[in-house]
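Shown next, in structure tokens, is the structure this report addresses.
The values are calculated or read from the model by the stated rules, or taken from the named source; none is laboratory data. Quick caveat: nothing in here was measured; it's all calculated off a predicted structure. Virtual Cβ from ideal backbone geometry, glycine too; neighbours counted across all protein chains shown.
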């Protein structure tokens, strides 16, 4: 029992809290950096990498120093890492960087009204004729900002609750029609 108490009390709680908080922030930054670079935002990812490595250097040095006497530091460090991964993905999802391709497969008779509505809201839409199992279909392809994709999907569903909708992240987008306002966000 005495060893267990020693395990949890050998390091001041403030130091453990700072290790935990610093590691969570560092890994949040690392997760964002990796996502940014994968989405083509290399300059922003490179900028974040500086802060990531500064935090990592100081936190890792603090944990490694004396870890044999205070293994609780390693446990707190690991918990901070896990929280940082979660927070990084949450922050990136909130920021919603990048573009998506939203494809809506709709019956031919509903396509024109949906196409008109989407274009009236400033979306560039490509139309492809398709054949479903039982009827003629239209595939509407819309490139949009990822941050607004949920509202775009809701607009499509309001006009056709039976639409089949898929989304895919887009890393490279060149050419085609994008409204001037939409070009500002990438």
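Checking 97, 55 one by one, the residue that is surrounded by 14 or more Cβ atoms within 10 Å (Cβ to Cβ), modelled with pLDDT of 85 or more and either within 27 Å of residue 124 (Cβ to Cβ) or in the same structural domain as residue 12 (by TED's automatic domain parsing) (or both) is 55 and no other. Against the numbered list (1) touching a helix residue (DSSP H, G or I) at 6+ places or on another chain (Cβ under 9 Å); (2) within 30 Å of residue 144 (Cα to Cα); (3) in contact (Cβ under 8 Å) with a residue 40 or more places away in the chain, residue 103 comes up short only at (1). For the range 58-82, the set of residues classified as free of Cβ contacts under 8 Å to residues at least 60 places away in the same chain, surrounded by 15 or more Cβ atoms within 10 Å (Cβ to Cβ) and within 21 Å of the chain's Cα centre (by Cα) consists of 81 only.
Could you please let me know if residue 138 is surrounded by 13 or more Cβ atoms within 10 Å (Cβ to Cβ) and either under 25 Å from the mean Cα position of the chain (by Cα) or free of Cβ contacts under 8 Å to residues at least 40 places away in the same chain (or both)?
yes
Go over the candidates 152, 118 one by one and state the one that is surrounded by 16 or more Cβ atoms within 10 Å (Cβ to Cβ), touching a residue at least 24 places away in the same chain (Cβ under 8 Å) and either more than 16 Å from residue 170 (Cβ to Cβ) or in the same structural domain as residue 40 (by TED's automatic domain parsing) (or both). Matching residue, one of 152, 118: 118.
Looking across 24, 111, 60, 104, one residue alone is assigned to a helix (DSSP H, G or I) and either under 30 Å from residue 133 (Cα atoms) or in the same structural domain as residue 168 (by TED's automatic domain parsing) (or both). It is 111.
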